[in-house]
Amino acid sequence: MRAAFFVATLPPVDVSPESTHHAAREGSLAERARRAGMSFNHWYPAAFSHELRRGKTLAVTFWGEPIALYRADDGSPHALEDRCPHRGIKLSHGSVEGCRLVCLYHGWSFDPAGKLVEMKHDTFGKKLPTVTVRRYPARERYGIVWIFPGAAELAALTPLPEIPFAEGPDAWASLSFAYTWQAHHSMVIDNLCNLTHLWVHGRWVPYGETVLAAHTAEQDRLTLRWDHELRRDLLHPFTAPFFRSEPGGNRSETFMIYDYPYQSALSNRRVRSTNFMLPIDASRTKVFSLQLWQPLAIPFAGGRRWPRQLAALAMPFIRPITMEIFRQDGFTVEEEQVAWTAQPARPFPELNPMVKHFNQLGVRKWEQYVAYRASGTLGEAERAEQTRVKVL
Ligand code: FES
Ligand SMILES: [Fe+2]
């Protein structure tokens with residue numbers, strides 16, 4: 001009699017919290033957007049590279065699915081289902097041996113493909129059983145370990161996002177951090193892209209009047225241009241040189257992209273904030289933020305710029321301000337989640353014409369994903385979007 005088989009396959013479509021996809025078909029567009037999951041068929045950030053040291057494991061959750069991340073002794077990152085098939089404890093409690101992940105409890109050892117290759121106990125004269133845990137494709141770029149929670153056959157076709165000036169000799173100075181909000185991802189992206197909320201930041205941001213000057217919605221890519229008038233207050237002489245779009249002017253602009261599922265905001269072509277969401281479940285979202293600052297021009301040097309190491313010296317001053325602004329965002333978005341949980345069907349008035357596009361995109365991508373899970377095929381347009389390089 002052979003030991004039980006454990007086959008690495010996608011779980012059936014109706015798994016929690018994904019089972020909300022049925023409910024997602026009912027109610028207003030806003031309600032459906034608040035219930036939708038995110039398409040598993042993209043690369044999502046799982047950890048910053050520096051958090052996953054050689055020989056370390058980390059527990060990560062994508063939309064309710066527990067994933068064990070580990071870095072092998074050769075430096076390569078790997079991701080396996082975070083559940084030992086033997087007694088079910090999390091493999092992320094285990095240890096790394098070479099390129100294997102060894103379960104903490106009885107020492108069952110899995111290779112990077114998720115195959116059981118050793119047991120640290122007596123096998124009672126029996127052959128090693130055929131046991132496999134699910135493997136998730138993992139890659140590393142921009143100081144982030146990315147995982148592909150969806151269909152492995154799509155991972156190879158799906159590019160990572162391109163972030164201009166994030167790498168190479170012309171890279172801008174960078175700052176990175178992550179935050180987890182107790183809120184659905186649709187609320188998080190609404191906060192990131194909908195600058196009608198600048199009121200909440202008061203004098204922490206230098207903007208007075210802000211208007212949505214232009215917007216587009218094309219397939220999976222939405223863009224918004226926000227124009228600001230800089231507030232003339234006591235801080236204006238200090239903030240204006242950094243935030244104005246033209247020397248001596250008083251205008252500022254923020255160009256935003258949401259190229260599903262990645263977000264970017266470019267301020268005056270000099271500061272780029274990219275934000276990558278990891279939907280943990282229906283009411284928790286982690287965001288990995290990478291902020292890039294173009295080094296300032298050297299006066300009278302024919303357009304040459306200070307080295308980025310110099311710009312990097314400013315980061316310890318910028319970080320606490322940025323963190324406070326995100327704290328203000330987090331507080332209000334979590335309050336929104338509380339209100340929505342209490343009364344999900346209560347309609348809310350909305351004036352911003354782009355909110356509808358964000359909700360439509362979120363719902364459409366989730367429905368396409370659910371359909372893919374059932375059929376295993378992509379339509380022609382979906383395939384084109386799946387393979388397109390998303391430049392932020
Ligand atoms: S529970 Fe993992 S080896 Fe027993
Ligand atoms: Fe904000």
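Binning all Cα-Cα separations of segment 173-375 at 10 Å, short to long from zero, yields these whole-percent fractions: 8, 30, 37, 18, 6, 1, 0. Dipole check for segment 141-300: with +1 at the C-beta of Lys and Arg, -1 at the C-beta of Asp and Glu, and the Cα centre as origin, the magnitude is about 460 Debye. Each other residue within a Cβ distance under 12 Å of Gln337 adds +1 if Lys or Arg and -1 if Asp or Glu, for a net charge of -3.
Using the per-residue mean of other Cβ atoms lying within 10 Å as a proxy for protection, in what order, highest first, do the peptides 108-119, 298-309 fall?
Taking the mean over residues of other Cβ atoms within 10 Å, the ranking is 108-119, 298-309.
With a cut-off of 15 Å between beta carbons, the residues surrounding Ser375 carry a summed charge of -2, where Lys and Arg count +1 and Asp and Glu -1. Annotation: the antiparallel percentage among DSSP beta bridges lying fully within the chain is about 100. Contact order for segment 260-303, expressed relative to its length and based on alpha carbon pairs under 8 Å spaced 6+ residues apart, stands at 30 percent.
Working from Cα pairs under 8 Å separated by at least six residues, relative contact order for segment 173-375 is 25 percent. Placing +1 on the Cβ of every Lys and Arg and -1 on the Cβ of every Asp and Glu, with nothing else charged, gives the chain a dipole about its Cα centre of roughly 720 debye.
Using a ≥ b ≥ c from the Cα gyration tensor of the chain (square roots of the eigenvalues), is it rounded, prolate or oblate, where a/c under 1.5 gives rounded and otherwise the larger of a/b and b/c decides, a/b for prolate?
prolate
Only helical runs count toward this figure. For the chain, summing -39,500 (n - 2.57) over DSSP H runs of n ≥ 4 and dividing by all residues gives -7500 deg cm²/dmol at 222 nm. Mean sequence separation of contacting Cα pairs (under 8 Å, at least six apart), scaled by the length of the chain, corresponds to a relative contact order of 19 percent. Over the C-alpha atoms of segment 44-147, the Rg to Rh ratio, Rh being the Kirkwood estimate, stands at 0.98. Of the residues Leu52, Pro320, Ala36, the one whose Cα sits farthest towards the positive end of the charge dipole of the chain is Leu52 (charges of +1 on Lys and Arg Cβ, -1 on Asp and Glu Cβ, taken about the Cα centre). Spatial offset of segment 232-264 relative to segment 108-129 amounts to 57 Å, using the alpha carbon center of each. For segment 138-212, a crude dipole built from +1 on the beta carbon of Lys and Arg and -1 on the beta carbon of Asp and Glu, taken about the Cα centre, is about 200 debye to the nearest 20. For the chain, Cys99, Cys193 stand unpaired, since no other cysteine beta carbon lies under 4.7 Å from theirs. With point charges of +1 on the Cβ of Lys and Arg and -1 on the Cβ of Asp and Glu, referenced to the Cα centre of segment 44-147, which listed residue (Pro66, Cys103, Phe124) lies farthest in the positive direction of the dipole? Positive-end residue among those listed: Phe124. Relative protection proxy for 271-283, 363-375, from highest mean packing down: 271-283, 363-375 (other beta-carbon atoms within 10 angstrom). Number of Lys pairs in the chain with C-alpha atoms less than 21 angstrom apart, excluding same-chain neighbours closer than eight positions? Count of close lysine pairs: 13. A crude spin-label estimate for the pair Arg364 and Glu162, with each label 7 Å from Cα along the Cβ direction, gives 2.3 nm. Here's the picture: charge each Lys and Arg Cβ at +1 and each Asp and Glu Cβ at -1 in segment 182-287, and of Ala214, Trp204, Ile280 the one pushed furthest to the positive end of that dipole is Trp204. Ordering of 68-81, 221-234 by packing is 68-81, 221-234, highest average first (other Cβ atoms within 10 Å, averaged per residue). If you take the Cα centroid of segment 157-223 and the Cα centroid of segment 48-62, the two points sit 25 Å apart.
None of the figures in this text is laboratory data; all of them are computed from the coordinates on show. It should be emphasised that the depicted structure is a prediction, and the values quoted were computed from it without experimental measurement. Every residue, glycine among them, receives a Cβ derived from its backbone with ideal geometry; neighbour counts consider all protein chains shown.
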